[in-house]
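Enquirer: Following this message is one structure expressed as structure tokens.
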Amino acid sequence: MIPAPTDYVRPGALEEALEALVEPEARALAGGQSLIPAMKLRLARPSLLVDLDQLDLRSIVSEAGEVRIGALATWDALSSAPVLLRPELVAVAECASGIGDLQVRNRGTLGGGLAHADPASDMPAVALALGARLALRRQGEERELPLSDFYLGPFATALRPGELIVEVRLPMPPPGSGSAYVSVEHPASGFALAGACALLLPDGSARVAVTGVAGKPFLLPQGADPGDALAQVDILGDHLAPPTYRRHLALVCCQRALERARARAEGGGRE
């Protein structure tokens, strides 16, 4: 299907983009891997498309005890950035390398993927487990928001009108930590029926986040048994998988992610 008519601008600077996004029906275009298909189905009909491709928001740097990732960093860039190949952060690279196909990984962006808020998306679970914070900007205003406060429900976030994710900030876990992401994907769509990210810390504690089984990604309670925690969650069911099966898959993903994170913490490698 052909998208509805829309105006188009391609700003060369962030402030220009924020000014354009003041228009009520404007939409930001990052990698376009979610918005363009929605426009073709006319599920999205923006009056103005603000293409962010020219903005300088692609850096991946480690400084002051955190990793700062520009919102336009692609999945491909995340899968190979040296700082994200460390055992404590390698879940980011592991997750990014399995998203979509080659074309999607070369165009899809971190900020766009997080903002889309698809409940079956992979990276939100990784960012949650790693304690990500979002740097948000709109004209005349900037703020920082923990990712744990960002998701409101399926395809719903705390983004304000005209606001963009400009950077994702990951606190550097202490040396001796290990991380991992594990998912079970639907063979046709490639989206996760269930996925889990685990960050295992040197003191033996763990942060585990789950995606694909509820209206939004979520963290398991600190120190809780994954099986007991998942038994308390209202699990989604559809034609692809009933709730009982999805809960089972989520538990398997949690267990495998914890095992892999522990092996990386002990051995210092990706596998």
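Enquirer: I'd like the carbon and sulfur percentage of the solvent accessible area for region 180-271, probe radius 1.4 Å, heavy atoms only, ligands and nucleic acids excluded.
Expert: Solvent-exposed carbon and sulfur of region 180-271 make up 53 percent of the total.
Enquirer: Okay, next question. Can you tell me the relative contact order of region 134-271? Whole percent, Cα pairs under 8 Å, sequence separation 6 or more.
Expert: Result for region 134-271 is 23 percent.
Enquirer: Next question, about the same structure. How would you order 71-84, 232-245, 13-26, 190-203 from highest to lowest mean count of nearby Cβ atoms within 10 Å? Provide the component values of the computation, followed by the final result.
Expert: On the way: 71-84: 20.0, 232-245: 13.3, 13-26: 16.3, 190-203: 23.6.
Listed from highest to lowest mean packing, they are 190-203, 71-84, 13-26, 232-245.
Enquirer: Sequence-distant or interchain residues sharing an amide H contact under 5 Å with THR157, placed H: which?
Expert: LEU152
Enquirer: Mind listing the long-range amide H neighbours of ASP7? Cut-off is under 5 Å, sequence gap 5 or more, other chains count too, H placed in the peptide plane at 1.01 Å from N.
Expert: Sorted by chain and number, the residues that satisfy this are LEU48, LEU49.
Enquirer: Using each residue's phi in region 90-95, evaluate 6.51 cos²θ - 1.76 cosθ + 1.60 at θ = phi - 60° and report the 3J(HN,Hα) Karplus result to the nearest Hz, with x for Gly and Pro.
Expert: Karplus-based 3J(HN,Hα) across region 90-95 equals 5, 4, 5, 5, 4, 5 Hz.
Enquirer: With an 8 Å Cα cut-off and a minimum separation of 6 or more residues, compute the relative contact order for region 59-153 in percent.
Expert: On the way: 114 pairs, mean separation 20.2, N = 95.
Worked out over region 59-153, it gives 21 percent.
Enquirer: Which cross-chain or sequence-distant (5 or more) residues have an amide H under 5 Å from the amide H of LEU236, H modelled 1.01 Å from N in plane?
Expert: Correct list: ALA214.
Enquirer: Tell me the relative contact order for region 197-264 as a rounded percent, counting alpha carbon contacts under 8 Å between residues six or more apart.
Expert: 33
Enquirer: Okay, next question. Please work out the average accessible area per residue across region 130-271, using the 1.4 Å probe convention, and give it in Å². Let's see the in-between values first.
Expert: Working: 6730 Å² over 142 residues.
On a per-residue basis, region 130-271 sits at 47 Å².
Enquirer: Could you pull the accessible area for ASP51 with a 1.4 Å probe, rounded to 10 Å²?
Expert: Result for ASP51: roughly 20 Å² accessible.
Enquirer: Explain nothing, just compute: Karplus ³J(HN,Hα) = 6.51 cos²θ - 1.76 cosθ + 1.60, θ = phi - 60°, for every residue of region 33-50 in order, whole Hz, x for Gly and Pro.
Expert: 6, 10, 5, 4, x, 5, 5, 5, 7, 6, 7, 10, 9, x, 7, 9, 9, 9
Enquirer: Antiparallel as a % of all DSSP beta bridges within region 183-271, to the nearest 5?
Expert: Here the share of antiparallel DSSP bridges comes out near 100 percent.
Enquirer: Residue by residue through region 202-217, which ³J(HN,Hα) values in whole Hz follow from phi under the Karplus form 6.51 cos²θ - 1.76 cosθ + 1.60 (θ = phi - 60°), with glycine and proline marked x?
Expert: Computed from phi, the couplings for region 202-217 are x, 7, x, 6, 9, 10, 10, 10, 10, 9, x, 10, 9, x, 7, x Hz.
Enquirer: Could you tell me the distance between the Cα centroids of region 16-78 and region 97-169, to the nearest Å?
Expert: Computed from Cα coordinates, the inter-centre distance equals 10 Å.
The values are calculated or read from the model by the stated rules, or taken from the named source; none is laboratory data. As the structure is a prediction and not an experimental result, all values here were calculated from the model. Glycine also receives a Cβ, built like all others from the backbone with ideal geometry; neighbour counts cover every protein chain displayed. When the accessible area is computed, the model is the full protein with side chains, heavy atoms only, and any ligands, DNA or RNA have been set aside. Shrake-Rupley method; radii C 1.70, N 1.55, O 1.52, S 1.80 Å.
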